[in-house]
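> I have a structure here, written as C-alpha cells, and I will follow up with some questions on it.
The values are calculated or read from the model by the stated rules, or taken from the named source; none is laboratory data. The structure displayed is predicted, hence computed values, not measured ones. Note that we place each Cβ from the backbone using ideal geometry, even for glycine, and neighbour counts take in every protein chain shown.
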Amino acid sequence: MTVESDFVEEVTGDGEYILRFSGDLSIAAIGDLPERLHDYGADIHRLDLSDTGYIDTVGAWLIHRTARDTGAEIVGADQEAERLITAVSGADQDADVRPMPPNPVLRVLNEVGEATTTALSTLAGLIGFFGAILISAGSLLRHPSRIRWHAVIQRFDVVGVRALGIIGLMSFLIGMVIAQQGAVQLRQFGAEVFTVNLVGRLTFRELGILMTAIMVAGRSGSAFAAQIGTMKLTEEIDAMRTIGVSPVEALVLPRFLAAVLMLPLLGFYSSIVAIIGGGLLSWLELGIPPATFFARIREVVPITDIYVGLVKAPVFGAIIAISGCYQGMQVKGNAEEVGKRTTAAVVQAIFLVIVLDAFFAMFFSWIGWN
C-alpha cells in the first residue's frame, strides 16, 4: 500500500533546521511535495530519511535536488535510497559544452583545428596499434604453437577467395572502360594501337592494385571493424583478456596476415582480368585480335610495372587491416558506435591508400621505375 509522502520541520537546540520525511518517496505518493519544498524558505541543515519507506528515482532526484540547492546533509537513508541518490547525483553533471565562436571565420578555424587534432590523435593511435601488432607477431614467432592457423585460413577464405567474384567483375569492366575511353581519345590522332599500351601499363602499375585495395577496404575493412566492434560491445574481448587470451593475437593478427598476403594475389588477379576486358573491347571495337593484343602487352609492359603493383599491395593490405581492427577496438558505449567506427574505418583506409599511392608514384619515379 502506498503511503503519501510528507515532511515536518524540526529545530534542534543548536538552532539547526531539520526536515524529517515520512511515507513513500515515489512518483505515486509524492503529490505536491516538490512545490512545498521549492517554496520552503528556511535555512535547512539536514534532510532526515529515517521514517521514509519505498523510494524510486523520482524521489531520489527530489531529495538530491533539495540537498543540492540548500546545501543540506542527507541522513538516515537506507542502502537502496543511498544507491539511488548516488546514481541521480552522478547524472546531475554540467555538460562540457563549448560555445561556438560567433564569428564565422573563427568557427571555421575552430572546426579545422578540432579536425586536425582528431586526425593527429588517430594517426598516433594507428602507429601505436601497429606497434602492438608487431609485438604480438614477435611473441608468436617465439612460440609458434600459439598461432591460430584455423583462424588465419578462415580469414584467407573471407578476404581472398570470396572476393574473387566482385573484384573480377569490377576489374573486367574497368579494363573495358579504359580501352574504350583511350580508343576514343587516341583515334583523333590515328594512334588507336597505343590503346594496348594504355591498358597494359595503367592496370598493372596503378588501377589494378588501387581499385582492389578500395574494394577490399569497403568489403573486408568494414567487416573487420564491425566484427571486432560488436565483440567489444558485448564484452567478449574483455572476457578474452580475463581468461588470458590476447585479443591482438586471436583477432587482429589473422586479419592482418590475410589482408597483407591476399592483396598481392588479388591485385595481380585484378590486373589480368582488366587486361582481358581491355583486350575484348579492343578486339570488338578496334579490330585488334587477342593474339596481337597480348603479344603487344608483353612488348610494352616492363617487368618493373608488375613489381610496382606487387610492392604496393602488401602495404595497402596492412593499412586496411590496421584501420579496420583499430576502429573496431575503439568501439564503446552503444550499437550506434559500431556504425560510426565502421564508416570511419572504410574512409580512413581508402584515404590512406590513396595518399600512399601518391607517395609510391613519386618514389618509383625517383628511382627510375617509370
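> Does Arg187 satisfy the condition of being crowded, with 17+ Cβ neighbours inside 10 Å and assigned by TED's automatic domain parsing to the domain that holds Leu281? First the steps, then the outcome.
Numbers: crowded, with 17+ Cβ neighbours inside 10 Å: no; assigned by TED's automatic domain parsing to the domain that holds Leu281: yes.
Criteria not met by Arg187.
> All but one of (1) outside any helix (DSSP H, G or I); (2) free of Cβ contacts under 8 Å to residues at least 40 places away in the same chain; (3) under 19 Å from Ala225 (Cβ atoms) hold for Gly368; state the number of the condition that does not hold.
If we test Gly368 against (1) outside any helix (DSSP H, G or I); (2) free of Cβ contacts under 8 Å to residues at least 40 places away in the same chain; (3) under 19 Å from Ala225 (Cβ atoms), just (3) comes out false.
> Failed condition for Thr116, given (1) exposed (fewer than 11 other Cβ atoms within 10 Å of the Cβ); (2) assigned by TED's automatic domain parsing to the domain that holds Ile272; (3) under 22 Å from Gln327 (Cα atoms); (4) not aliphatic (A, V, I, L, M), with all others met?
Only one criterion is unmet by Thr116, namely (2).
> To continue, here is another question. Which condition number in (1) outside any helix (DSSP H, G or I); (2) at pLDDT 90 or above; (3) among the β-branched types (Val, Ile, Thr) is the one that Val260 fails?
With (1) outside any helix (DSSP H, G or I); (2) at pLDDT 90 or above; (3) among the β-branched types (Val, Ile, Thr) applied to Val260, the lone miss is (1).
> Among the residues of region 297-314, write down those that are in contact with a Phe, Trp or Tyr (Cβ under 8 Å, 6 or more places away or on another chain), assigned to a helix (DSSP H, G or I) and not small (Gly, Ala, Ser).
Within region 297-314, Thr304, Asp305, Ile306, Tyr307, Val308, Leu310, Val311, Lys312 qualify.
> Continuing with this model, one more query. So, in region 138-159, exactly how many residues are under 23 Å from the mean Cα position of the chain (by Cα) and among the aliphatic types (A, V, I, L, M)?
So the answer is 4.
> When the residues of region 1-50 are narrowed to those that are in a loop (DSSP other than H, G, I, E, B) and of a type in the set (S, T, N, Q), which ends up farthest from Asp78 (Cα to Cα)?
Once the filter is applied, the top-ranked residue is Thr12.
> Test Ala132 against the criterion of being under 22 Å from Leu261 (Cβ atoms), among the small types (Gly, Ala, Ser) and surrounded by 15 or more Cβ atoms within 10 Å (Cβ to Cβ), and give yes or no.
Yes: the conditions hold for Ala132.
> Being touching a Lys or Arg at 6+ places or on another chain (Cβ under 9 Å), surrounded by fewer than 21 Cβ atoms within 10 Å (Cβ to Cβ), assigned to a helix (DSSP H, G or I) and not acidic (Asp, Glu) narrows it down to one residue among Ile166, Ile209, Ile153, Ile228; which is it?
Numbers: Ile209 fails: surrounded by fewer than 21 Cβ atoms within 10 Å (Cβ to Cβ); Ile153 fails: touching a Lys or Arg at 6+ places or on another chain (Cβ under 9 Å); Ile228 fails: surrounded by fewer than 21 Cβ atoms within 10 Å (Cβ to Cβ).
None of the other options fit; the residue is Ile166.
> Of all residues in region 255-276, how many are surrounded by fewer than 24 Cβ atoms within 10 Å (Cβ to Cβ) and either in contact with a helix residue (DSSP H, G or I) (Cβ under 6 Å, 6 or more places away or on another chain) or outside the structural domain of Met170 (by TED's automatic domain parsing) (or both)?
Final tally of qualifying residues: 4.
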